[in-house]
Amino acid sequence: MLIKKPADIPSSEITDEDAHLNRRSFLAVAGIAAAVIGSKRLPALPLVARQEDKPNTLEEITGYNNYYEFGTDKEDPAANAKNFRTKPWTVKVDGLVKKPADYHFEDLVKPYKVEDRVYRLRCVEAWSMVIPWQGIPLADMIKTFEPLPSAKYVQFTTIYAPNEMPGQKLAILPWPYVEGLRMDEAMHPLTLMVTGLYGKTLPNQNGAPLRLVVPWKYGFKGIKAITRISFVDKQPRNTWQISSPNEYGFYANVNPEVDHPRWTQASERRIGQFRRIKTLMFNGYAEQVASLYAGMDLRKNF
Amino acid sequence: MTATSLKKATLVVVAVVPLAVIGWRFYDNKLGANPIRETEIQTGLWTLRLLAITLSVTPFRKSFGWNFLAKYRRTLGLTTFFYACIHLSMWAGVDWFFAWGDMWHEIVKHKYILIGMTTWLIMLPLAITSTKGWVRRLGKDWARLHRLVYVAAVTGTIHYLWAVKKDTFFPLVYFAVFSLLLGYRVISARQKSSREIRPRSDASVAA
């Protein structure tokens, strides 16, 4: 498999297929990660050695999901998303762009090269996984849409299909699900529009056909089954923020120093592992993304 | 072994079945991708369920004249506490692996952990004083002390409510059940005291 690695993302963040299949070479990569992170201020090296960063199994990734559109239990999405129709699929691109359009999913993704990215995924509920995704850097897509200079944020919307998404019939959250990114976050090379995992078409319970993955943010920022991408000038109100503004913010950057009001964010349980591990600043991607938030009070902008 | 103690033993065995099922599913890898979390959730839920069953004994006994139920109240209460202990040890021993510092931080900083811990601490003296000796020693105070079980029911349910993210349906169901049980006790206590007041006022007139 041909794997493209952007030069500005160290191999500690993106392991290739061989590495995630071969434990020994993986540990070598983990060693680099330890060196990189160890040079920062985090002292907890044994936990940061990242032996933990072995990709989770396909079974774990597709059997334990938070996707309230298909139910609130972790096993619900796998059970209830089977008959969700992802074909035909249209994505509306609108707002402050030169080229607003309704894209057929196939036309939307065709022009771009699909890349492999192995990312940590940290849920706001303090569990985490490591997932080998396939996707397109959102920046590549955005460049084609040609946003206007007045576009400051990108807003994403999940499809509203209560007949196929039983959870949307319940008033657990305001539907449809909405998420947003600041333009520089959206343009960041780590930000991915995901179309597959483990080399397969993205399973329904993981957000097929198109979902967002922003590895340094809590998992709920990774909006699934995207049907609309809007370029706007004001900060969008994302669904969890609307639902509980004191608990979930717009930025939702992984931050071990800022606890959820009800539970700790300092540590996490990696699915498939027995002991808790320390949570890393920006989920271990501080080197790449910390500069985006220079001078910001991360306690206030949680 | 008397017939009653045999029945009590059977009750304990039945009450332990859910734990055995959880244990078997853990062993068989059927608790999903996050078995530790799932075990915590299941043992916590069974604590609340058994607490509801324990608190239903008296209303059922009085409403239907099922006086034989009274014999099993202590066994049910102790089984409830047993599940609470398993729940707590899962959290302390498996989830946090006895990281005392981190656990202390959790207790003082996060109210859902604090209220869960409080619930266990409320149940502890009730379990200790459940013996015949303590019932005798405490006399009238025993019943007053054991009213704390309703506090534990409320704090335990709040613990559950604060632990969930947005799906508050089941925590609210437990609230409804405990409110009914508490409501029954309050009403029957009022009726009892209004019955008792009359003879007492007669006595004061006589004095």
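A few remarks follow.
- Residues of the range A:169-195 with an amide N closer than 19 Å to a point placed 7 Å from the Cα of A:Lys152 along the Cα-to-Cβ direction: A:179-188.
- Over the protein assembly as shown, the fraction of Cα-Cα pairs per 10 Å bin, rounded to whole percents and listed from the shortest bin up, is 3, 16, 25, 22, 14, 9, 6, 3, 1, 0, 0.
- Förster radius 22 Å - calculated FRET efficiency between A:Lys234 and A:Leu292, Cβ distance, rounded to 0.05: 0.70
- Take B:48-58, A:163-173, A:62-72 and order them by the average number of nearby Cβ atoms within 10 Å per residue, most first; the result is A:62-72, B:48-58, A:163-173.
- Relative packing of A:286-292, B:5-11, which averages over residues the other C-beta atoms within 10 Å, highest first: A:286-292, B:5-11
- Dipole magnitude (debye, nearest 20) for chain B, charges at Cβ of Lys, Arg, Asp, Glu: 1120 debye
- Average other protein chain Cβ within 10 Å of Cβ, residues B:162-168: 6
- Other protein chain Cβ atoms within 10 Å, averaged over every residue that makes up A:269-278: 3
- Within a straight-line Cα-Cα reach of under 21 Å, A:Lys54 can be paired with the following lysines, leaving aside sequence neighbours fewer than 8 residues apart in one chain: A:Lys4, A:Lys5, A:Lys200, A:Lys217, A:Lys278.
- As a ratio to 2.2 N^0.38 Å, the alpha-carbon radius of gyration computed for the range A:131-197 takes the value 1.35.
- For the range B:68-162, the convex hull drawn through the C-alpha positions has a volume of 110 cubic angstrom per residue.
- Radius 14 Å from Cβ of B:Tyr174, net charge of other residues (Lys, Arg +1; Asp, Glu -1): 0
- Fraction of alpha-carbon pairs over 16 Å apart in the range B:62-113 - percent: 59 percent
- Stokes-Einstein translational diffusion, the range A:11-293 - Kirkwood Rh over all Cα pairs, 1.002 mPa s, 20 °C, in µm²/s: 111 µm²/s
- The range A:144-284 shape via C-alpha gyration tensor axes, a/c threshold 1.5: rounded
- Taken about its Cα centre, the range A:11-293 carries a charge dipole of roughly 220 debye when the Cβ of each Lys and Arg holds +1 and the Cβ of each Asp and Glu holds -1.
- Of the DSSP H helices in chain B, those whose Cα atoms cover at least 30 Å axially and whose Kyte score averages 0.0 or more: B:3-27, B:35-64, B:169-206
- Distance histogram for chain B (every C-alpha pair counted, 5 angstrom bins, percent rounded to whole numbers): 1, 6, 12, 16, 18, 16, 11, 8, 5, 3, 2, 1, 1, 0, 0
Since every read-out is calculated from the coordinates, none of them should be taken as a lab result. Just so we're clear, the structure is a prediction, and the values are computed from it rather than from any experiment. No Cβ is skipped: glycine too gets one built from the backbone with ideal geometry, and neighbour counts run over all protein chains shown.
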